[in-house]
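Some notes on the structure that comes next.
FYI, it's all coordinate maths here, none of it is from the lab. Since this is a predicted model, take the numbers as computed values, not measurements. Don't worry about glycine lacking a Cβ; one is built from the backbone with ideal geometry, like all the others, and counts go over all protein chains shown.
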Amino acid sequence: MMLVAEHNYPNTYREFVKMFPDDTACAAFLVRLRWPKGFICPVCKKTSTPWNESRGRLACPICRHQTSVSARTIFDKTRTSLTTWFEAAWHVTTAKNGMSAKTLERTIGTSYQVAWMMLQRFRVAMVNSERKQLSGDVEVDETLIGGVQQGGKRGRGATKSIVVIAVEIKHPKGFGRVRMRYVPDASGDSLLPFVCDVVAPGSAVNTDGWSAYNKLSELGYTHKITKLSSSGDPAHVSMPGVHRVASLLKRWILGTHQGSVAQEHLQSYLEEFTFRFNRRTFRSRGLVFRRLLEQAVVTSPTTEADIIGGYDWKLNIK
Ligand SMILES: [Zn+2]
C-alpha cells in the first residue's frame, strides 16, 4: 500500500480537482489517511492490503471481514458523495474566513440542508481530541457575542451570549493558540472549569479583577490580575490577546455568517473559528484541508439528531 507522504495535499483548486476526480480517488485518499501504516482490519486487527470491492468497500484478505473507509467516521452512512464532502472541506478550509452554509450551498450546488449538515459535522471533526492544553502566558477574559454592548459597560450576565476566551501570549509579541467556550454565566462554576480544561497547570493566567477567577492560584496556576483602572482604560490595553481575538470572532460572525448564529450552535462556530485561527500560520491552506480530513476519519459519526438541536460539546470539549 502506498503511504501518504506528509506533503501530499493539493495547493490550489486546480490541483484539488486533478487529485480528486471521483469518489474512488477520495476513498483511496481517506484509506491512506485513516490507516497511514497500512490497513488494519477492525475484526482480526491484522495489517494487510485490503481487497477493493465495489462501492468503496474494503475486504480483509485474512478474515474476509468487509468494511468501508467511511464506517465509524463522520462520513458514516452518508448519502452525500465523497466528492461533495471533499469539495466542502476544500472551501471551508481554504476560503480565508470559511463559508456559511448558504454560500456553500450556492458554491457546490447542494441543498442548504446538505451543506449545513456537512459543515456541522466538520465542526465536530475540527476538535482534535488530542489537542494539547494552552501553556506559558495565557490571557483569559469573557466577551459578549450577539449584539452591540451598550453604555460602555462590560455588562456581565447581560442578555447576550457570554464567550470565555483563552489566548497564549508570545514574547516579545504575538499570539499563540486560542480556545473558547460559550458559558451560561460569568460565575466561577462556569469559568474555572474552562480554564482547568484548556490551560495546562503551572501556566501563568492573566485575568482582570473579576472575583470568579479568585481561585485560580489554588487550582495550580500563577494568577496575574490586571485591574482595569477606574479612569476607564479600554480593555485592550490590558488584555491585548483576548481583545484582538474577540474582535476577529465578532467580525467573522457578522461577516461570514451575517450575525445569525443560533445560541444552541454557538459552540460549533467557536470551534470552527478556533480550528482556523490555530492554523493561521500553516504554509499552505491545502495542508489545513488535509488536517481536517485526517481528523474527520478519526472522529466518530454524529447523527442528524445529535446535531439539529445543538451538538453536546461536553462529549469532546477539551
Ligand atoms: Zn480481518
The stretch 80-133 - Debye-derived log10 I(q)/I(0), Cα point model, q = 0.32 Å⁻¹: -1.39
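Roughly what % of DSSP beta bridges within the chain run antiparallel, to the nearest 5?
On the way: 23 of 31 bridges.
Counting only bridges with both partners in the chain, antiparallel ones make up about 75 percent.
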Dipole in debye (nearest 20) - the stretch 55-213, about Cα centre, beta carbon charges: Lys, Arg +1; Asp, Glu -1: 760 debye
Relative exposure of 307, 165, 40, judged by other C-beta atoms within 10 Å (fewest first): 40, 307, 165
13 Å beta-carbon shell around residue 296, net charge (K/R +1, D/E -1): +4
Two-decimal Rg/Rh across the stretch 19-90, once Rg and the Kirkwood Rh are taken from alpha-carbon atoms: 0.96
Estimated inter-spin distance, residue 62 and residue 8, nm [label 7 Å along Cα→Cβ]: 2.2 nm
Angle between the chain longest axis and helix 240-255 axis [Cα atoms, degrees, rounded to 10]: 60 degrees
Viscosity 0.890 mPa s, 25 °C: Kirkwood-radius Stokes-Einstein D of the stretch 241-318 over Cα pairs, µm²/s: 172 µm²/s
Percentage of interatomic Cα-Cα distances in the stretch 1-131 larger than 27 Å: 23 percent
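Report the semi-axes of the equivalent ellipsoid for the stretch 178-283 in whole Å, largest first, where each axis is √(5λ) for an eigenvalue λ of the Cα gyration tensor.
25, 17, 15
When the chain is fully extended, how far beyond the present Cα-Cα distance does residue 19 get from residue 217, taking 0.36 nm per residue of separation?
66.1 nm
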Compactness index (Cα Rg / 2.2 N^0.38 Å), the chain: 1.10
Net charge contributed by nearby residues that have their C-beta within less than 9 Å of residue 98 (K/R +1, D/E -1): +1
With at most 10 other Cβ atoms within 10 Å, longest stretch of the chain clear of loop GluC sites (Glu not before Pro) (DSSP): 7-129
Cα-based Rg and Dmax for the stretch 275-318, where Dmax is the largest Cα-Cα distance (Å): 13.2, 37
Cα-centre dipole for the chain with unit charges at Cβ (Lys and Arg positive, Asp and Glu negative), debye to 20: 740 debye
Square roots of five times the Cα gyration tensor eigenvalues for the stretch 159-200, Å: 23, 12, 7
